[in-house]
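Take a look at the structure below.
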Amino acid sequence: MKKIVFLDEYSIAGRDLSSITSQGEYVAYENTPKEQVVERLKDADIAITNKVLIDGEAMRQLPRLKLICVAATGMNNVDLDTARELGIEVKNAVGYSTSSVAETTLASALALARNIVYFNEYFHDGRYAKADRAFSYDRLTFEIRGKRWGIIGMGNIGREVARLASAFGCKVRYFSTSGVKRNEEYEAMELRELLEWCDILSVHSPLNERTRGLVGVDELKAMKPSAIVVNVARGGIIDEAALAEALDKGYIAAAALDVFSVEPLRQSPLYNIKDKYRLLASPHNAWSAVEAIDRLIECVAENIRQWLSKQ
């Protein structure tokens, strides 16, 4: 019987794991600090990790380890080169979060366009009860219908966002971070051209050597002062200090972030935005609707089944 070790089981929010636990000797840890990775995986044949880093140094100390299941789509927390060298198979989960992340993207853009957070607070902190008029125009809102929606990364999630944005009446174009030419329904543009064109920009690309720091000060300055930026992909794609500057200096109107360069984010100029309502932020949970978590678990379970069938 193979030993399966889940390094950060908290990441699946207590959902049913029987499809995984039934396949071997199962051990789980709520979370695992870097210095305990080797100790906890020393007898494991299969490792499961969502965000815990498994680097090359750790792998070289784990001769029994033969399969790493990433409980996510992005695999930047695993040293893929060393895994390949050592013959350790690495499997990620594809497609489980497409709907969840796409819906969060639309919800974020709508929340910023309609200043949902501000007006919710206006009600709950008592200002509405004390008002002498029915309406508040403290902050004006706008519709997304008819707006130009630019997408960075036309993969599964980007394509679903494009479909939803189109259903809301937006005009959609995109920038391909891979440079691969595909026959898409939507027109491709170069990055600078897309930034200048769009009213709403959403990011849906992986973090790699082509996308790290892709959007910085110069790129944000190229955008419309009325533009909204939504990043639900990876934090390192948008320079956070540049984004804070862009919000404070009015290069763009607002931003929504679900991902950060370091998670949890300890210190950042993003915490000191002059107008907090210009930044909508959440702790990397765009993907985590319960339906998506259950699909993720099944993806991991299937990856283990397929690997075991070859043993």
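The values are calculated or read from the model by the stated rules, or taken from the named source; none is laboratory data. No experiment lies behind these values; they were computed from the predicted model shown. Note that we place each Cβ from the backbone using ideal geometry, even for glycine, and neighbour counts take in every protein chain shown. Remember, those area values only see protein heavy atoms, side chains included, never the ligands or the DNA or RNA. Shrake-Rupley method; radii C 1.70, N 1.55, O 1.52, S 1.80 Å.
When you scan the range 126-146, do you find a residue that is in contact (Cβ under 8 Å) with a residue 24 or more places away in the chain, in contact with a His (Cβ under 9 Å, 6 or more places away or on another chain) and either among the polar types (S, T, N, Q) or within 22 Å of Thr105 (Cβ to Cβ) (or both), even just one?
No.
If you scan the range 96-114, which residues turn out to be more than 13 Å from the chain's Cα centre (by Cα) and open to solvent by 30 Å² or more (accessible area, probe 1.4 Å)?
If the condition is that a residue be more than 13 Å from the chain's Cα centre (by Cα) and open to solvent by 30 Å² or more (accessible area, probe 1.4 Å), then Ala107, Leu110, Arg114 are the ones that fit.
Among the residues of the range 22-41, what is the count of those that are exposed (fewer than 14 other Cβ atoms within 10 Å of the Cβ) and of a type in the set (Lys, Arg)?
Final tally of qualifying residues: 1.
Checking Asn77 against (1) surrounded by fewer than 18 Cβ atoms within 10 Å (Cβ to Cβ); (2) at pLDDT 95 or above; (3) over 20 Å from Ala227 (Cα atoms), which test does it fail?
Result: Asn77 passes all but (2).
Quick check on my filter: what residues within the range 212-222 are open to solvent by less than 10 Å² (accessible area, probe 1.4 Å) and under 15 Å from Glu190 (Cβ atoms)?
Val215 - this is the single residue of the range 212-222 that is open to solvent by less than 10 Å² (accessible area, probe 1.4 Å) and under 15 Å from Glu190 (Cβ atoms).
Within the range 240-276, restricting attention to residues that are within 14 Å of the chain's Cα centre (by Cα) and of a type in the set (Gly, Ala, Ser), which residue is surrounded by the most Cβ atoms within 10 Å (Cβ to Cβ)?
That would be Ala256.
So His204 passes all but one of these: (1) within 25 Å of His284 (Cβ to Cβ); (2) loosely packed, with under 15 Cβ neighbours inside 10 Å. Which condition number does it fail?
Of (1) within 25 Å of His284 (Cβ to Cβ); (2) loosely packed, with under 15 Cβ neighbours inside 10 Å, only one is false for His204: (2).
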